[in-house]
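Undergrad: Here it is, the structure in full.
The values are calculated or read from the model by the stated rules, or taken from the named source; none is laboratory data. All values reported here derive from a predicted model rather than from experimental measurement. Neighbour counts are summed over all protein chains in view; Cβ atoms, including those assigned to glycine, are modelled from backbone coordinates with ideal geometry. Protein only, heavy atoms only, side chains kept; ligands, DNA and RNA dropped before computing areas. Shrake-Rupley method; radii C 1.70, N 1.55, O 1.52, S 1.80 Å.
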Amino acid sequence: MGASMPKQYLPLLGQPIALYSFRIFSLMSEVKEIVVVCDPSYRDIFEEAQNSGTVYLKFASPGKERQDSVFNGLQVLNDAWVHGAAVLGVPVKATIKEASNDNFVTRTLNRQTLWEMHTPQVIKPSLLRKGFEVVYREGLEVTDDVSIVEHLKHPVYITEGSYTNIKVTTPDDLLLAERILNQR
């Protein structure tokens, strides 16, 4: 994005992007604790937003890659009300092409079997720990949390989400997120 700070702290309608998810989870009665993986200089954002102590808030330091950050967060997690492995997703609407390294189409994928993955992704801590053993032992790099579990050949259930649950990666995504929030 070329911003002066990590994208999750960029303001979206007057508050950091990360606080939208944080506040929703902190208000859920099923959620007893939240582990935030962030640089210590951003902890105050979450501490100030914490809803009068109803959720136990913990912090972990980020890692070099996303999977390293998730692993660090897992290390501070106590037993939680987590069951199995599940991910939010939406059916892919666009035609998806696989391409060669020199950008020539090699094949068209069947979109009827393709899903766009979203967060949150929920994984039983013991299962995630086993997955990390495989990832680090085999030197694998993963792009999302449930990919870790996939390396164990463990089933991951897809719960259909919403197309408005977007990933904010580019300035265009930020504009789209503002439009979505303004329509609520």
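Undergrad: Are there any pairs, at least 6 apart or on different chains, whose C-beta atoms fall under 6 Å, with the first in the stretch 31-52 and touching a residue at least 12 places away in the same chain (Cβ under 8 Å) and the second basic (Lys, Arg), and if so, which?
TA: Final answer for the pair search is Val35/Lys58.
Undergrad: Among the residues of the stretch 21-30, write down those that are in contact (Cβ under 8 Å) with a residue 40 or more places away in the chain and open to solvent by 80 Å² or more (accessible area, probe 1.4 Å).
TA: Glu30
Undergrad: Quick one: Tyr136 ticks every box in (1) under 17 Å from the mean Cα position of the chain (by Cα); (2) farther than 30 Å from Leu13 by Cα bar one, so which box is it?
TA: If we test Tyr136 against (1) under 17 Å from the mean Cα position of the chain (by Cα); (2) farther than 30 Å from Leu13 by Cα, just (1) comes out false.
Undergrad: State all residues of the stretch 11-48 that are assigned to a loop (DSSP other than H, G, I, E, B) and at pLDDT 90 or above; if no residue qualifies, say none. Steps first, answer last, please.
TA: Quick first cut of the stretch 11-48, residues assigned to a loop (DSSP other than H, G, I, E, B) only: 13-14, 27-32, 38-39.
If the condition is that a residue be assigned to a loop (DSSP other than H, G, I, E, B) and at pLDDT 90 or above, then Leu13, Gly14 are the ones that fit.
Undergrad: What is the number of the single condition among (1) open to solvent by less than 50 Å² (accessible area, probe 1.4 Å); (2) more than 30 Å from Arg137 (Cα to Cα); (3) acidic (Asp, Glu) that Asp68 does not meet?
TA: Unmet condition: (2).
Undergrad: Something else about it: How do the strands (runs of 3 or more DSSP E) wholly within the stretch 72-184 filter down when requiring 2 or more residues that are at pLDDT below 85 and touching a helix residue (DSSP H, G or I) at 6+ places or on another chain (Cβ under 8 Å): which remain?
TA: Result: 85-91, 115-123.
Undergrad: Does the stretch 1-9 contain any residue that is at pLDDT 85 or above and either open to solvent by less than 60 Å² (accessible area, probe 1.4 Å) or touching a His at 6+ places or on another chain (Cβ under 8 Å) (or both)?
TA: yes
Undergrad: Taking only pairs six or more apart or across chains, which ones have beta-carbon atoms under 6 Å, a first residue in the stretch 136-158 that is under 10 Å from Arg66 (Cβ atoms) and in contact (Cβ under 8 Å) with a residue 24 or more places away in the chain, and a second residue that is assigned to a helix (DSSP H, G or I) and of a type in the set (A, V, I, L, M)?
TA: Val142/Ile148; Asp145/Val70
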